Structure formats: structure tokens, C-alpha cells
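Heads up, the thing below is written out as C-alpha cells.
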Amino acid sequence: MRSDVLIIGAGGAGLVAAINAHESGAKVRIITKEYPTRSQTSMAQGGINAALGNASVDSIEAHVQNTLKSAHGLANEEMVRFMCEQAPVAVNWLDSIGVCFSRTKDAKIAQRTLGGASAPRACYAQDYTGLKILHTLYDRVLACGIEILSERYLLNFITNTDEYNKPYACGATVLNIRTGEVESYESASVIVATGGYSRIYDKHSTNAVGTTGDGIAAAIRAGARLSDMEFIQFHPTALKNSSILISESARGAGGHLLNSKGERFTNELAPRDEVARAIHNEIEKGEDIFLDIRHLGETFIDEELPQERKLAKLYENVDPVYDLIPVKPVAHYTMGGIEVDANSQTKLRGLFAVGECANHRVHGANRLGGNSLLELVVFGKQAGESAAEYAKKFTKSIDITLQTKSANNFITGVKYFTNQIDFYQKREFIGNIFYNNAGISRDEMGLKAVLGAIRQIQKEIPFMGPKDKSKVYNTNLVEFIEFGNMVELCEIILVCAISRNESRGAHFRADIPQENDMAYKAHTITWKEDSVLCADFME
């Protein structure tokens, strides 16, 4: 059955887009490989930025300038200004639909300071902000009667061409994980809301195992362009042994970063790229790093940071009321993604993108903490409304025959791949070499060595097929296809990182530690022509 708007992904961005497309009169269908409440949005703990001025004097202009500074010259000021101006509207909307924000004594929405902010700007719900926003949005989607199809894994976007031989998106092919059948869904417009790609770093990431960049890989195959793929943010404070996130709110509340000698060595509330590099440099010297929140007191920790205490006790066997928390920086957020215009539409007509998979050019080279939840609400609304408006004018025919057949052939063919090489081992190998050579600190030699390894893995993929050849609930098959998408994106990331011969924000080149505005104050753009990867710099 055909829909007006087909949304791939049911995290915060997809749910906001669905609500707004529905309220614009569109018939909406959501497809997701996970269940909505398991999305990465639930891991956004610190807060959502808005210049409300509830905790101290603040302004939209200050929010704009903090965001631009953090972005190191690569954000679009017009888009940043739009996002920051809409921030109070976005937070008030979330409040109106039932998000249970923490409150001040006079019942205003409470706000805290996150890194890079000039004022307490992050509206929060204890340290469960993303989770509570996500659950509220999910309840709202259910109340709207919007169809959600879970356990559907995106294979590719369906495209047709018009009378001028110009392509347009008109649906998607997916694998029904429960049945093993390929399904095709027609739609007048499609919104990609599939999240980022930080899981290429494997165990060195705060992200869930499903954060494999599927929508981004499918988009470039369909004819969309990607931008700024080399910019990957490393969160300064993940638990040392498990990479579980310890929220920036712990530092915003006054937590200290200490080395093995008990010394504070950086400004804990500097932008994330600076703090992550400072920790990395201490680790390179042989130091262990700890987050200290003991001085905040048990009452405060239990009221404002209850999740951080639980996570530290569960995964590190330390109680932050009494003990130091061992931490390290790991991959957390991807600034790059699918290039979109001022209406959230990609280069491929009818294909829109929002959330971490999209690049609205509001984060640049380094995202300001607290802006990710804001982005998905502001641009989720825009994407939903834009896709619904596009669908109203859509009069073209849709032919799914060839692409449905191609998807079936792909699934059948993959099962004939041999399993001489264990792709799970290769996935772990990629995570390690990326963390060490394409992580917080990079250089040309290391990046080129990783690119060589990735291109060798590309050649070996036909020898890494799934062991499980069954049809129903074949998660081994799904994980193999995810692995293929990750390898495809790895090549793009490395080509961009090698091309950017400077240091800027989260992309730090130890061999070229300076920014170069004359040559590189521009965006890396990648696309495919006849399946061949192309790359360039564009303003």
C-alpha cells in the first residue's frame, strides 16, 4: 500500500518528522530495523539547547555564536541561526506534548551548562533527556495512529526517472527480518532518519551496535551526495572498559577531569574536540584519566545524575559518590552525512534526510553539546512538512519491479558467499585500526595504511558471507549487510580525511596541526558515478 511519506528510522528525528508530516495531512508510514524505544536518541543524556534564560541571562545570538565557534568555520550561519531561533519554540513544543523536563523552584524548565556554552542553556530531564523525549514522541506517534513497521532492514531506495530522465525517490526495498522476505514500499516522498555511523569504531564507540550508517550508504548509492564525512566527534568521557557514555552533564555540574597524579589538566567545559584531545594527550603520556564528581555530594548526584551513578556502578564497579570514575574518549557523533538543502531535501528529488544521518551544516567540524537533540526537533519538523508538501504535488508513476527483483537477487546471492573469512573479526579489526589511526589524532601515513586495509577487505567480502543460511530471523545475514555498509562508508571517510590536509575541529592531523582557511574552509563532498566514488571540496 502506497504512502505519501515513507520514513526510514524511528529515533527522535524520524518520530518528529512523522508527527509533523501527519499534521500536514500526509499518510505516513515508518519503517525501522529496531524498535523505536531502542534508538540512539535514548543515549542523549545531557540536554537540549535553547536560549530560554531560565538559569541566567542568555540570548539566541549567544547560542548562534557558540555554535559557530565550535564548528570551526564550517557551519552555515543562516542554518545555524534558523536552528537557534527555533530552539525556544522546539522546547516549548516538547514541553506541551508532555516531556517531563526537570524544573526550577519557580517551575520553569531547568537549564545546565554544557561544554562550549556561554550560559546554562541545556534544558534537561535529570540525565535521561533523550530517553524521555523519545518516549514522549513515541507515545505521540501512537496517538496519531501512524503506522510503524519494526524489524525491517533497509536495503536500498527505489528510484524512477521522469520524462526528462531525471531520477526521483519513490520508496524503499527492505528485508523483513522476521520472515526473511524482501518487501517493497512505494511512497511519494521518503525521509531518511537512520542515524550516524560511529559504530565503525566498534567497541570504541558510545553508540548502539546498529549505528552502522545504513541510510547514508543507501543514499549515496541512490544518487544523493554526502558531505563532511571525516568529521567524527569523540566524547571525552566514556567508561574506560565498556565505552558506555558518561554524560557531559557531569562536567557541566562541576565534575573535574584528573590524571593519575590527581592533577586537573584541561578546562572541562571547553568544546568537545579540545577536551577529547587533552585527554588523549595525557593517555599518550601513560596517564590514566578519571572523572571526579565526589565533591558534588550524594544528594545532588542522586537527584541530577542518577543514571551516571548507576552506569559507573554497573560497568566499572565504582560508586562516583565515593570513587573516581575511569574514563576515556571514544567515537560518539558523526557531523558528516547526507547533504541536504534548506528544506531538508537531498540532491535526489523526493528524498529528504534528518537527524544524525543528515548534514544540515549546523555542526561543522565539531558539534556543540546539546545541539543534537535540538537539531532533530527543529529539522524533523521541517523535513516532515517539506516531504508532505512535496507529496501533495507528486503525480508521477512508480515502478518497483526491477528494484524489487534486484533486492531479491542480492539477498539470494549473499547467501552463496563463502565464509572463509570471519567478518566479525574484520569488524573488530576495523574498529581498532580506525580508533588508533583515524581517530582523535591522525596523520597521512596512518590514514593511507587504513585505506589500504579497507580496500583489501572490499576485495575479500565475497569470502566473508554469513554462516547462517536460514530465512527466518537471520540476524547473521543482517549483520553482514551492515558490515558491507560500514566498509563502504569507511572508504569515504578515509578519502575525505586524507584529502583534508589541515587540522579543524574533530579532524586533527598530527602532521599538519594548523587550520588552513585559504585552502580548506570548505566542505568535502562525495558522490558516486557508475558506482565509482568521486570527491571534491565545495563551499
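Computed from the coordinates by the stated procedures, all read-outs in this text should not be read as laboratory data. Given the structure is predicted, the values throughout are model-derived calculations rather than measurements. Cβ coordinates were reconstructed from backbone atoms using ideal geometry, including for glycine residues, and neighbour counts include every protein chain displayed.
See the values below:
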{"read-out": "Around Met445: net Lys/Arg minus Asp/Glu count, Cβ-Cβ under 12 Å", "value": "0"}
{"read-out": "Cα lying deepest toward the dipole's positive end in segment 1-153, options Leu134, Ile19, Thr113, charges on Cβ", "value": "Leu134"}
{"read-out": "Simple Cβ-charge dipole of segment 414-538, Lys/Arg +1 and Asp/Glu -1, about Cα centre, in debye nearest 20", "value": "380"}
{"read-out": "Degrees separating the helix 12-23 axis from the principal Cα axis of the chain, which is the longest one", "value": "60"}
{"read-out": "Charge tally in the Cβ shell below 15 Å around Glu77, where Lys, Arg are +1 and Asp, Glu are -1, Glu77 excluded", "value": "0"}
{"read-out": "Segment 484-539 versus segment 182-252: alpha-carbon centroid distance in Å", "value": "17"}
{"read-out": "Helix axis angle, 77-96 relative to the chain longest principal axis, alpha carbon, degrees", "value": "80"}
{"read-out": "Highest to lowest packing among 435-444, 355-364, scored as the average C-beta count within 10 Å", "value": "355-364, 435-444"}
{"read-out": "Euclidean distance between Cα centres, segment 325-385 to segment 114-153, Å", "value": "15"}
{"read-out": "Ellipsoid equivalent to segment 134-238 - semi-axes via the Cα gyration tensor, in Å", "value": "27, 21, 14"}
{"read-out": "Helix-only CD estimate at 222 nm, as mean residue ellipticity for the chain, using -39500 (n - 2.57) per DSSP H run (n ≥ 4)", "value": "-12000 deg cm²/dmol"}
{"read-out": "Farthest positive-ward along the chain dipole, Cα basis, beta-carbon charges - from Thr32, Thr418, Leu94", "value": "Thr418"}
{"read-out": "Peptide ranges 179-187, 260-268, 110-118, 368-376 listed from the most packed, as the mean C-beta count within 10 angstrom indicates", "value": "368-376, 110-118, 179-187, 260-268"}
{"read-out": "Rounded tilt (10° steps) of 444-460 against the dominant C-alpha axis of the chain", "value": "40"}
{"read-out": "Positive-end residue of Ser386, Phe231, Cys123, charge dipole of the chain with Cβ unit charges", "value": "Ser386"}
{"read-out": "Ratio Rg/Rh, restricted to segment 1-101 and using Cα atoms, in which Rh is the Kirkwood radius", "value": "1.03"}
{"read-out": "Among 345-353, 94-102, the order from most to least packed when residues are scored by Cβ within 10 Å on average", "value": "345-353, 94-102"}
{"read-out": "Under the Debye formula (equal points on every Cα, no solvent term), log10 I(q)/I(0) of segment 235-330 at q = 0.20 Å⁻¹", "value": "-0.91"}
{"read-out": "Entry for Rg and Dmax of the Cα atoms in Å (calculated from the structure that is shown) out of (i) 22.2, 70; (ii) 26.6, 92; (iii) 24.7, 80", "value": "(i)"}
{"read-out": "Compactness relative to 2.2 N^0.38 Å, alpha carbon Rg of segment 405-492", "value": "1.20"}
